[in-house]
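The block underneath contains the structure these notes are about, expressed in structure tokens.
The values are calculated or read from the model by the stated rules, or taken from the named source; none is laboratory data. All of these numbers come straight from a predicted model, not from anything done at the bench. Virtual Cβ from ideal backbone geometry, glycine too; neighbours counted across all protein chains shown.
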Amino acid sequence: MSIDNQPARAIAQRLLSLAAVVAVTAVLTAQTLPSHHPEAEAQALDLARTSIGLRSVTGPGNQTRQVADVYKAALVAGGFASADITITPVDDTAYLIARWPGSDPSLKPLVLSGHMDVVEAKRADWQRDPFTAVVENGYLFGRGASDMKTDGAIAIASLIELKRQHYIPRRTIVIEFSGDEETTMKTSAMIAEKLANADLVLNIDGGGGELDEKTGKPLFFTWQGAEKTYADFELTVTNPGGHSSEPRKDNAIDSLAAALLKIAHYQFKPELNDLTRAYFNAAAKYEDPVLGAAMKAFAANPADPAAIATLAAKPDKIGTIGTTCVVTMINGGHAQNALPQRASANVNCRIFPGHPPSAIIAELQRVVADPAVAFKDVTEGSVPTDASPMRPDFIAAVTDAMAATYPGVPVFPSMASGASDSMWFRSHHVASYGASPTFMKPSDDFSHGLNERYPLANIAPGISYYLQVLKTLSK
């Protein structure tokens, strides 16, 4: 950039910031929520819009490093020492770690964890350009708006607001962003290795609140204390094959199909832990009477057949009652006029905490009961972990912050069915909790899907939430 262009750039940046303030104020007015930290709120929206405009997708042209540069520039301008912020390139991506040294170096650090990368989005499929942020009708549209560039921007703006208030943490605060959480999680594992001495991790890519579909009012907030282990198992059947005019009973595709049907009809033993029991008991009243009764019954007795049948019939509930396995890919045969010499399939499992993948693959082998079917664990980027402990200091901090931000809204734990960066911290025995302050209607959740959006009314209360939680846990 030439020197002659700098004044124009400065004017453009001021205009963009002014537009951000106006946009946030308009949204807050419409939602009747007070604006307590206008500079932080405007900065959060500005950072979200800028980062959404960067195509941080794995592969050629990956702009995750540029997102890290934007985040670092904001933190440095907000009072972080440049030397305390590192951006580390890894393959076609990068990760960022920023430290705010506490006054007592003997205390283990508090970590905020997020990611900068997003899943692919093709312009032809979207109503709007997925990599051009658009504010419309109280929403921010764009790839990464809800997963999770706006959450990341709010967390950064909150830290800068604490600096603006001249807050001095006793415990070091670290904010980190991985660069491939949506794919291999290579940088996620690296970060957790570097921060294995952390006291506690707030994963801002998990947890959150639910809004009523009709009224838009907050119903409840859940924090995530566990997640299921991701696993991929390859099933393969091979035989000599032959001419299709001479069929035999030992057809590789037939044998594989029979094995997959057995797995499809199999249900792993339903089970509970402290987190899911608390979730079922607390969330039951927000469901229809039949489902709510089943949740209560299951929490009381995980062997209740009627409760199991009701919960297992719901795609959003079956994953909460135990391990699930489902076929996701198949491949077989080599010619239309030949008996198949090989057939294979990928079975994806989400394993309830406390079970190693080796035990699940052994259970599937017993279910299939066919020596012709070979099993192989082909999982990449995943490690088994147990649930984080229900730490009173974390629970109290989040509950108190929610009470101040959303008075009267119930707060209770939950378990995620998917995988996140928390997995890598838990593998180092560091307690990690999904604790994003974002509230959404289920019908507004378009993460990984078309026309992803984020309700802007979350920005102001989100900042208030972070300010209180961070102060409480870093004292």
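Data for the structure
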read-out: Extreme residue, farthest from residue 435 (Cα to Cα), among residues of the stretch 203-218 that are touching a Lys or Arg at 6+ places or on another chain (Cβ under 9 Å) and assigned to a strand (DSSP E or B); value: 211
read-out: Residue 99 vs. criteria part of a strand (DSSP E or B) and either at pLDDT below 95 or basic (Lys, Arg) (or both); value: yes
read-out: Scan of the stretch 398-441 for residues that are under 19 Å from residue 138 (Cα atoms) and either in contact with an Asp or Glu (Cβ under 7 Å, 6 or more places away or on another chain) or of a type in the set (A, V, I, L, M, F, W, C) (or both), ordered by number; value: 438, 439, 440, 441
read-out: Unmet requirement for residue 286, which otherwise passes all of (1) in contact with a Lys or Arg (Cβ under 6 Å, 6 or more places away or on another chain); (2) under 24 Å from residue 411 (Cβ atoms); value: (1)
read-out: Pair list, Cβ < 6 Å and 6+ apart or interchain, from the stretch 94-120 residues that are closer than 19 Å to residue 150 by Cβ and β-branched (Val, Ile, Thr) to residues that are at pLDDT 95 or above and buried (at least 24 other Cβ atoms within 10 Å of the Cβ); value: 118/56; 118/143; 118/144
read-out: Some residue of the stretch 71-88 being basic (Lys, Arg) and farther than 19 Å from residue 157 by Cβ; value: no
read-out: Residue identified as of a type in the set (Phe, Trp, Tyr) and part of a loop (DSSP other than H, G, I, E, B) among 233, 221, 268; value: 268
read-out: Which listed residue is under 15 Å from the mean Cα position of the chain (by Cα), at pLDDT 95 or above and of a type in the set (A, V, I, L, M), from 237, 201; value: 201
read-out: Single unsatisfied condition, residue 56 versus (1) outside the structural domain of residue 122 (by TED's automatic domain parsing); (2) of a type in the set (Ser, Thr, Tyr); (3) at pLDDT 50 or above; value: (1)
read-out: Tally, over the stretch 371-381, of residues that are part of a loop (DSSP other than H, G, I, E, B) and surrounded by 15 or more Cβ atoms within 10 Å (Cβ to Cβ); value: 4
read-out: Test: residue in the stretch 457-470 that is of a type in the set (Ser, Thr, Tyr), within 18 Å of residue 173 (Cα to Cα), surrounded by fewer than 18 Cβ atoms within 10 Å (Cβ to Cβ) and at pLDDT 95 or above; value: no
read-out: Condition check for residue 421: touching a helix residue (DSSP H, G or I) at 6+ places or on another chain (Cβ under 7 Å), under 29 Å from residue 134 (Cβ atoms) and of a type in the set (D, E, K, R); value: yes
read-out: So residue 135, is it assigned to a strand (DSSP E or B) and either of a type outside the set (Val, Ile, Thr) or assigned by TED's automatic domain parsing to the domain that holds residue 448 (or both); value: yes
read-out: Sole exception among (1) under 27 Å from residue 458 (Cα atoms); (2) assigned by TED's automatic domain parsing to the domain that holds residue 470; (3) surrounded by fewer than 21 Cβ atoms within 10 Å (Cβ to Cβ) for residue 217, by number; value: (2)
read-out: Qualifying residue in the stretch 238-252 (condition: assigned by TED's automatic domain parsing to the domain that holds residue 339 and part of a helix (DSSP H, G or I)); value: yes
read-out: Positions within the stretch 303-329 being part of a helix (DSSP H, G or I) and touching a Lys or Arg at 6+ places or on another chain (Cβ under 9 Å), in sequence order; value: 307, 310, 311
read-out: Residue selected from the stretch 269-306 under the condition among the hydrophobic types (A, V, I, L, M, F, W, C) and over 28 Å from the mean Cα position of the chain (by Cα), by the criterion farthest from residue 442 (Cα to Cα); value: 303
read-out: Long-range neighbours under 6 Å by Cβ, at least six apart or interchain, first residue in contact (Cβ under 8 Å) with a residue 12 or more places away in the chain and of a type in the set (Ser, Thr, Tyr) within the stretch 182-208, second part of a loop (DSSP other than H, G, I, E, B) and surrounded by 24 or more Cβ atoms within 10 Å (Cβ to Cβ); value: 187/179; 187/180; 188/181; 188/421
